[in-house]
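Shown next, in C-alpha cells, is the structure this report addresses.
All of the numbers you see were taken from the coordinates with simple rules; none came from a lab. Just so it is clear, the structure is predicted and the values come from calculations on it, not from any experiment. With ideal geometry, Cβ positions are generated from the backbone for all residues, glycine too; neighbour counts draw on all protein chains shown.
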C-alpha cells in the first residue's frame, strides 16, 4: 500500500509542476483548435494494455503531459500500472480540415507496475490523437516501448486506444 501511495503522490507532484507553468487566466490553444481552447485538461479511458483512466493536460500549443492509472492484464492479471509522460505533438498537414485536427506525438516518461516485485522503467510513447469536430473530445491510439530498470532490466511494450473529455 505504501508503494501505491508513493506512486500517486509522485504522479500528482509531476502534474502539479506542469500545471504551475501556466498562468490561470491564460487560454491554451491546441494544434487543432484554431480558436482558443479554454479548458486544456482532459480525462478519459484507455483500453488495451493497460486498461484504465487516462489524463492529459496541454502545457503549450504543441506539448502536453499525460498520465495513466490503470490495470495490467498481461501478467497475473491484477497489476496496478501508473505512468506519466511529456509529449511533443506535430499536427498533420493537409488541406482537409478533418486531417488537420489530427496530430502525431512522441514522448518520454516513466512507469511503475506494482506486482510481486514492483517494476520501474522508462517509456517512449508514440501515437496519434484526433479532436472530434465541435466537441470537447479527443480519441487517441498509442504504442509505448518500455525498458524496465528495477528490479531487473527487461523490455516490453504497452498500447491502446482511448477517448478523453476536455474540461
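Using a basic spin-label model with each label point 7 Å from the Cα along Cα→Cβ, how many nm lie between residue 122 and residue 141?
According to this spin-label approximation, the distance is 2.7 nm.
Could you rank the peptides 128-140, 81-93 by their average count of other C-beta atoms within 10 Å per residue, with the highest value first?
Values: 128-140: 15.8, 81-93: 18.4.
The packing order, highest mean first, is 81-93, 128-140.
Please compute the length gained on full extension between residue 39 and residue 134, using 0.36 nm multiplied by the number of residues separating them and subtracting their Cα-Cα distance. Each step should come with its number before you reach the end.
Details: separation 95, 0.36 × 95 = 34.20 nm, distance 1.39 nm.
The residue 39-residue 134 span can extend by a further 32.8 nm.
Under a point spin-label approximation (7 Å from Cα along Cα-to-Cβ), what is the residue 93-residue 53 distance to one decimal in nm?
For the pair residue 93/residue 53, the computed spacing is 4.0 nm.
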